[in-house]
Each structure stands twice: as C-alpha cells, then as structure tokens.
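Take this structure first; my questions come after.
The values are calculated or read from the model by the stated rules, or taken from the named source; none is laboratory data. Since the model is a prediction, treat every value here as computed from it, not as a measurement. Cβ: placed from backbone, ideal geometry, glycine included. Neighbour counts: every protein chain shown.
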Amino acid sequence: FLLLSFLFMAPLSAALSWQDYSITRSFLMIIPILIFASYGAYHLIHEINGKYLRLSLIVGILMTYIFFQYYSWDYYFFHYKNKPQAISAWQCGYKKLAQYIQKNYDKTDRFYVTKKLGQPYIFLLFYLQYPPSQYQKQASLTAPDEYGFGQVEQFDKFRFDVQSSDENKSTLYVTTSKEDELGDLRKKLDTVNYNKHEIFNIYE
C-alpha cells in the first residue's frame, strides 16, 4: 500500500505545474517502479525449479539489461548531442556568443539579444563573469506576470528585445537562426554555430 501510494503521488508535483511536461518531474516514480520490478524478477527466478532454466532466465535478464544500457549510453554520448532538438533544448551556443560579445564589448554601445532561446541574461552573466553587485544595481525587470514571474529587460549594454533599435549608437543584434527577422533589414556580421548547426545570427 505504501509503495502504491508513493507511485500514485509521485506525478502530482508535475501535474500541478503550469509549465510544459518534463521528465525530470517524474523521477520520483522510478523508485517504486524499480522496487516492483526487482521484487517481481526475484520471485520469478525463485519460482523456477530447473537449475539450468533458472540460470538461463538470469542470463537473459542480464543480457537484456546490458543491451539497453549500451544502447542508451551510445545514444546519449554519440547521437543525442548532435540532434537539433537537443541543441535547442540545452540552449547551446551561449558560450561562443559570450566570447564574441567580449571581443566586441568595448566598441559596441548596445547589444540587442533575442529571448527565443531560454533566458539569455543568465548565460551572459555566467560566461562574461559579470559582477553580481553591478548586475543587481542595473537589472531592469518587467512587472510580474499572472504566474508571479518577471522578465529581465536589460542590464549594462544588453537589452533583450531584438525588435528595439537605436540608430544613433554602435549596435549589434543577436537573433536565433529560426526567427531571423532581421535578415533583410540589417547587415549580417557573423554566425554562432554548435556541432555544425546554426544557433545565433549577429547583425549590425
């Protein structure tokens, strides 16, 4: 009864969230499922009388486990990281973008960065090693939305809205390769790639 209660209660936290579904919110379900599976396998093995049949079953279970483990790790290390969906989901490319920004920081008055790929201010603060004390003084946030969350609009030279413009200053615009609404309006300077996939386009 306790394990069944645990199993049925585990997905409640994910169900109460307003965000999209996420596998990480169902991790608690793994514990009772593993216990049930282990209990069933143990009793199945001990119900078999024949020594060789029992050994064959154990070997079969182990081989099946090894096969799926090998397939899982092979996919994770060698194939998953190259999929465009994974690259987008893990918000890759910000490190290279920060390096480009760092090289052009002194000669640029304003950076307009898209918010289509996660929360860019977090990655820029991290990769640029921006002092927290300075950020806290400069950060400009929107009013909280219906869920109580505010968005960072700007700090320092960064404004997170590519629809804005400032013609009187030296300005760079950063968009994702998917949206790219500035392609016909401004001069393209560079592209940020990750594993041969375009992530960001940079315009002036």
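Among (1) exposed (fewer than 14 other Cβ atoms within 10 Å of the Cβ); (2) at pLDDT 90 or above; (3) under 22 Å from the mean Cα position of the chain (by Cα), which single condition is M63 missing?
(3)
Just give me the residues in the stretch 102-115 being in contact (Cβ under 8 Å) with a residue 40 or more places away in the chain and under 22 Å from N195 (Cα atoms), in sequence order.
Selection gives V113, T114, K115.
Oh, and also: Restricting attention to the stretch 37-49, does a residue exist that is at pLDDT 85 or above, within 30 Å of H197 (Cα to Cα) and of a type outside the set (A, V, I, L, M)?
Looking through the stretch 37-49, none of the residues is at pLDDT 85 or above, within 30 Å of H197 (Cα to Cα) and of a type outside the set (A, V, I, L, M).
Report the residue count in the stretch 73-114 for those that are under 24 Å from L125 (Cβ atoms) and not in a helix (DSSP H, G or I).
Qualifying residue count for the region: 14.
In contact (Cβ under 8 Å) with a residue 40 or more places away in the chain and on the phi > 0 side of the Ramachandran plot, is that true of G118?
The answer is no for G118.
Of everything in the stretch 19-72 that's not small (G, A, S) and not in a helix (DSSP H, G or I), which residue is farthest from L2 (Cα to Cα)?
Among those that are not small (G, A, S) and not in a helix (DSSP H, G or I), it is N49.
Kindly list the number of the only condition in (1) at pLDDT 85 or above; (2) within 18 Å of the chain's Cα centre (by Cα); (3) surrounded by 10 or more Cβ atoms within 10 Å (Cβ to Cβ) that fails for F77.
All conditions pass for F77, except number (3).
Assuming L44 fulfils every condition listed in (1) surrounded by 12 or more Cβ atoms within 10 Å (Cβ to Cβ); (2) within 36 Å of the chain's Cα centre (by Cα) apart from one, which condition is it?
Just one mismatch for L44, condition (2).
Let me ask you something else. Consider the stretch 156-192. How many of its residues are more than 21 Å from I122 (Cβ to Cβ) and either modelled with pLDDT of 85 or more or assigned to a strand (DSSP E or B) (or both)?
Selection size over the stretch 156-192: 6.
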